[in-house]
Structures are given as C-alpha cells and as structure tokens.
C-alpha cells in the first residue's frame, strides 16, 4: 500500500534535509568541513592546498557562508602578517560522523 505524500515534510519548506542541503550543499562546503575536522584547526592556505580544484573566490565565499550558518568559527589574531584560523563549531562537529558515513557509502557504492 502506497503512503500519501507528505509534501510539507518531505522536500517542503520545513524539511530538515532541504535545510541541511541549503547550508552544506554545493561542490565544496562538505570537503572544507572535513578538512577542518581532519586538522582540527586550518588556515586559509591549508584549505586552499587541501581542497583540490577550489578557487580563491569560492573558498573565501564558502568559508564566509559556513561561518554565517554557524558551522565554522573564524579567529583572526592581531599579528603581522595577519593570521586567521578556522575551526568547527559544536554544531558542525555533530555533522561530521554523518558526512563520513556518506564518504564511506560513496567509496563502497560508486
């Protein structure tokens, strides 16, 4: 027997999955989060070298978006030259095991 569609709950405006994809969707944000998680603290240059193929513009915009969405914490030190470090927030840390499961699934199935 087929279930009646719950449009508002599945892919509707209030859908949790849709909200998550709006925040971490796209080509780069998941990889940025995983690199920061792997290193615990990452600087811009570290991310630029680690996320293969990303442009400076896309990295800067993605980091800004992730910070705005509460997934990345940006710390700027009062030094010369300026040093900026990125770490994951607790919210992002709770997402990492899910992303690693997706990575594992991709390795096993694609």
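The values are calculated or read from the model by the stated rules, or taken from the named source; none is laboratory data. Note that the structure is predicted; figures quoted are calculated from it, not measured. Because the Cβ atoms are built from the backbone with ideal geometry, glycine has one as well, and the counts that use them run over all protein chains shown.
Does residue 64 satisfy being touching a helix residue (DSSP H, G or I) at 6+ places or on another chain (Cβ under 8 Å), farther than 15 Å from residue 20 by Cα and part of a helix (DSSP H, G or I)?
Considered against the rule, which asks whether it is touching a helix residue (DSSP H, G or I) at 6+ places or on another chain (Cβ under 8 Å), farther than 15 Å from residue 20 by Cα and part of a helix (DSSP H, G or I), residue 64 comes out as no.
Counting only residues that are surrounded by fewer than 16 Cβ atoms within 10 Å (Cβ to Cβ) and either touching a strand residue (DSSP E or B) at 6+ places or on another chain (Cβ under 8 Å) or farther than 18 Å from residue 103 by Cβ (or both), how many does region 28-45 have?
4
Just name the residue that is farthest from the chain's Cα centre (by Cα) out of those in region 68-101 that are without any contact (Cβ under 8 Å) to a residue 40 or more places away in the chain, part of a helix (DSSP H, G or I) and under 15 Å from residue 34 (Cα atoms).
Looking at residues that are without any contact (Cβ under 8 Å) to a residue 40 or more places away in the chain, part of a helix (DSSP H, G or I) and under 15 Å from residue 34 (Cα atoms), I get 101.
Would you pick out the residues in region 7-27 that are loosely packed, with under 12 Cβ neighbours inside 10 Å, modelled with pLDDT of 85 or more and either in a loop (DSSP other than H, G, I, E, B) or in contact with a helix residue (DSSP H, G or I) (Cβ under 7 Å, 6 or more places away or on another chain) (or both)?
Listed by number, the residues that qualify are 25, 27.
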